[in-house]
1. Is it the case that the stretch 32-50 has a residue that's assigned to a strand (DSSP E or B), in contact with a helix residue (DSSP H, G or I) (Cβ under 8 Å, 6 or more places away or on another chain), surrounded by 10 or more Cβ atoms within 10 Å (Cβ to Cβ) and modelled with pLDDT under 90?
2. Given the criteria surrounded by 11 or more Cβ atoms within 10 Å (Cβ to Cβ), without any contact (Cβ under 8 Å) to a residue 40 or more places away in the chain, part of a helix (DSSP H, G or I) and in contact with a strand residue (DSSP E or B) (Cβ under 6 Å, 6 or more places away or on another chain), does residue 61 qualify?
3. Against the condition within 19 Å of the chain's Cα centre (by Cα), in a helix (DSSP H, G or I), more than 27 Å from residue 109 (Cα to Cα) and modelled with pLDDT of 80 or more, how does residue 29 come out, does it pass?
């Protein structure tokens, strides 16, 4: 705590998730910019595109071709499967005793820091 009359010093905390999120945003902007630069000039072929917006359990798909729509639907289903597995993992961790959940989380952290400990 600061003495009376002393200015408060700002507290700057480093959060790796916030830093990673900001880094991913800048990387995305860079990739869009590079894609724009590489896409300018002579057209090299047919361009296809699309988007998937998921509102609750309902996917809304917009695509320029049937091929793009199939690709986007496969990607949306894969993402949906990943989210379901993540929710099941979190549900399983929440139902475990605190000691088992803590050891499971510690194991996951160790795996993320050293994915190949046997090598």
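1. Restricting attention to the stretch 32-50, the residues satisfying the condition of being assigned to a strand (DSSP E or B) are 50.
Next cut, in contact with a helix residue (DSSP H, G or I) (Cβ under 8 Å, 6 or more places away or on another chain) only: 50.
Retained after the next criterion (residues that are surrounded by 10 or more Cβ atoms within 10 Å (Cβ to Cβ)): 50.
Checking the rest, the ones that are also modelled with pLDDT under 90 come to 50.
Checking the stretch 32-50: at least one residue is assigned to a strand (DSSP E or B), in contact with a helix residue (DSSP H, G or I) (Cβ under 8 Å, 6 or more places away or on another chain), surrounded by 10 or more Cβ atoms within 10 Å (Cβ to Cβ) and modelled with pLDDT under 90.
2. On the way: surrounded by 11 or more Cβ atoms within 10 Å (Cβ to Cβ): yes; without any contact (Cβ under 8 Å) to a residue 40 or more places away in the chain: yes; part of a helix (DSSP H, G or I): no; in contact with a strand residue (DSSP E or B) (Cβ under 6 Å, 6 or more places away or on another chain): yes.
No.
3. Considered against the rule, which asks whether it is within 19 Å of the chain's Cα centre (by Cα), in a helix (DSSP H, G or I), more than 27 Å from residue 109 (Cα to Cα) and modelled with pLDDT of 80 or more, residue 29 comes out as yes.
The values are calculated or read from the model by the stated rules, or taken from the named source; none is laboratory data. This structure is a prediction, so every number in the text was calculated from the model and none was measured. Glycine also receives a Cβ, built like all others from the backbone with ideal geometry; neighbour counts cover every protein chain displayed.
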